[in-house]
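My questions all concern the structure below.
The values are calculated or read from the model by the stated rules, or taken from the named source; none is laboratory data. Treat the numbers as computed from the prediction; the structure is a model and nothing was measured. When we count neighbours, we look across all protein chains shown, and the Cβ atoms used for this are built from the backbone with ideal geometry, even at glycine.
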Amino acid sequence: MSAHGCPVVIGGGAAGLLVALCLAPRPVVLLCGGTLGFETASGWAQGGIAAAVGPDDDASLHARDTLNAGAGLCDAAVVRRIIEAGPWAIDFLARLGADFGRHADGALALGLEAAHSRRRIVHAKDATGAEIMRVLSQAARAAQHITILEHSSATGLAARDNRICGVHAATPAGALSIGTDCVVMATGGVGGLFAHTTNPLRATGTGLALAARAGADLRDMEFVQFHPTALACGLDPMPLVSEAVRGEGARFTDGAGARFMQGGDLAARDIVARAVAAKYAADEPVFLDARAIPAQTFPGIFSTCRAQGIDPATQPIPVRPAAHYHMGGIAVNADCESSVAGLFACGEAAATGLHGANRLASNSLLEAMVTGRIVARAISGRAVRAGNITPEAPRLLEATPLIRDICSKYMGIYRDAAGLQTAIAQLRPLAARCAPALAALLIAQSALRRRESRGAHTRTDFPETDAAQARSTTINISDLTATGLAA
């Protein structure tokens, strides 16, 4: 199949696969950075997928919890649209063969996570993401309309007159340029920009940077969610200890074994992450006591702990915060189309308005599924043409230890103007040639602009929430004035 004139999906996680599958029978090209089904943040998700499918639950309750977590920045219409599609997402995956946990009567076994008012987490033990990726990858490999290019990454987007016209990629066979006026960015988040992360190390915001270079607006870039319970064992990336473990009764303790979490162990994720970070700032270790939980409840997590010499059945689990999810991304409209015509975004790479300033636990896989379908429906009604583009040399795309150090020092859980200005000064010379540095620069610039603390964004020099700033922020590469950034 000729790739020219086909929609091109960049990213092999849940969102990208949903787009490709839902475009059937239309031919589509899927660029996957590794082996399909592996090394994606979707596949590493433990807790599950949030959906209002329980007998005591409904979409309005789920939406209320989502809006509360979003700290005033969610788009209520988007929240309603995505939350109401929750039952569809579960049914879609079940029909593909996803083996979700169920009770003896066949009803879904629903878990509880922080800031949810009901048990609504549909899960496959503690490896839900892996199960979802298993069935989606299997379906994609069997689909004749999908051309899968594994170990292939986008290195640039071509745009003309604010309209996308092609993709440049690096593949095992060499550089590839595809002419198309329909591109979908589904490249995930930015956790790999930080020294402590639960994300695959290639999750460095490259797709956001490529979209910005093509002229797309980005939104809410300052909001990076840090998960409070990554396993503190020296691994990079850090294994996640799912919030669902606390949902089943695990409790935070300090080095002396005393509980310390104000507001409860299942408070909103930003509150808990700040409390854990404060302990570490005072050189105090933090543990999660899960000794009362049967090992078979979380076999994957407990096995990972034991592999690192920690037996959760007899000793508390050492944990610390780690970069986990990015609420910001490419600004999109109701069709998930960006400000550049023909450039779509879905999943974590998109800023849809669902998460606002702080994602509600397990809403991410739901968003990936639903926005993937939204994109496919939008594309299905359009003619896709081959663009005429000139091949270009790939740019440097790696997130170096220097970039990770800058982000962790100055753009972590606690931020201030001086630190953000230092980060901007250090990132600016790198951003013209390095996509992760540009993504980091956009985050730092947005964080400097937001002179308040809200959701996952905490400014020590502006510790209060300012009602006048209850709006999303948009940034474009034209806002960065350094010579060469827009080249």
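Do we find a residue being among the basic types (K, R), assigned to a strand (DSSP E or B) and in contact with an Asp or Glu (Cβ under 8 Å, 6 or more places away or on another chain) anywhere in the range 150-170? Give the steps one after another, and end with the answer.
As a first pass, look at the range 150-170 and keep what is among the basic types (K, R): 160, 163.
Imposing the further condition that a residue be assigned to a strand (DSSP E or B) reduces the set to 160, 163.
Then drop every residue that is not in contact with an Asp or Glu (Cβ under 8 Å, 6 or more places away or on another chain), which leaves 163.
Yes, the range 150-170 has at least one match.
For the list (1) in a strand (DSSP E or B); (2) among the hydrophobic types (A, V, I, L, M, F, W, C); (3) surrounded by fewer than 21 Cβ atoms within 10 Å (Cβ to Cβ), I need the number of the one condition that L201 fails.
For L201, the exception is condition (1).
Take the range 55-71 and flag every residue that is surrounded by fewer than 17 Cβ atoms within 10 Å (Cβ to Cβ) and either under 20 Å from the mean Cα position of the chain (by Cα) or in a loop (DSSP other than H, G, I, E, B) (or both).
In the first step, residues of the range 55-71 are kept if they are surrounded by fewer than 17 Cβ atoms within 10 Å (Cβ to Cβ); the result is 55-56, 58, 60, 64, 68.
Matches in the range 55-71: P55, D56, D58, N68.
So for the range 362-374 (the condition being at pLDDT below 95, buried (at least 24 other Cβ atoms within 10 Å of the Cβ) and either more than 19 Å from L18 (Cβ to Cβ) or outside the structural domain of K279 (by TED's automatic domain parsing) (or both)), does at least one residue qualify? Full working, then the answer.
Step one: filter the range 362-374 for residues at pLDDT below 95, giving 362.
Pick out the ones that are also buried (at least 24 other Cβ atoms within 10 Å of the Cβ) and you get 362.
Then keep just the ones that are either more than 19 Å from L18 (Cβ to Cβ) or outside the structural domain of K279 (by TED's automatic domain parsing) (or both); that gives 362.
Within the range 362-374, one or more residues are at pLDDT below 95, buried (at least 24 other Cβ atoms within 10 Å of the Cβ) and either more than 19 Å from L18 (Cβ to Cβ) or outside the structural domain of K279 (by TED's automatic domain parsing) (or both).
If you go through the range 254-266 one residue at a time, do you hit one that is among the small types (G, A, S) and outside any loop (DSSP other than H, G, I, E, B)? Step through it out loud before you land on a result.
Initial filter on the range 254-266 (among the small types (G, A, S)): 255-258, 263-264.
If we keep only those that are outside any loop (DSSP other than H, G, I, E, B) too, we end up with none.
No, the conditions are met nowhere in the range 254-266.
Matching residues to (1) among the small types (G, A, S); (2) surrounded by fewer than 20 Cβ atoms within 10 Å (Cβ to Cβ):
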| residue | (1), (2) |
| --- | --- |
| R385 | no, yes |
| P394 | no, yes |
| L402 | no, yes |
| M411 | no, no |
| Y414 | no, yes |
| A418 | yes, yes |
| Q421 | no, yes |
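Against the definition (more than 27 Å from Q469 (Cα to Cα), free of Cβ contacts under 8 Å to residues at least 60 places away in the same chain and over 12 Å from the mean Cα position of the chain (by Cα)), how does A376 come out, yes or no? Full working, then the answer.
Working: more than 27 Å from Q469 (Cα to Cα): yes; free of Cβ contacts under 8 Å to residues at least 60 places away in the same chain: no; over 12 Å from the mean Cα position of the chain (by Cα): yes.
So A376 fails the test.
Residue check, C305 against (1) in the same structural domain as P237 (by TED's automatic domain parsing); (2) in contact with a strand residue (DSSP E or B) (Cβ under 8 Å, 6 or more places away or on another chain); (3) in a loop (DSSP other than H, G, I, E, B), all met but one. Which one?
Every condition holds for C305 apart from (3).
Please go through the range 175-198 and pick out each residue that is outside any loop (DSSP other than H, G, I, E, B) and over 19 Å from H355 (Cα atoms).
Of the range 175-198, the ones outside any loop (DSSP other than H, G, I, E, B) are 175-179, 183-185, 191-193, 197.
Scanning the range 175-198 gives A175, L176, S177, I178, G179, V183, V184, G192, L193, T197.
Conditions first: (1) in a loop (DSSP other than H, G, I, E, B); (2) modelled with pLDDT under 95. E452 passes all but one, so which condition is the exception?
(2)
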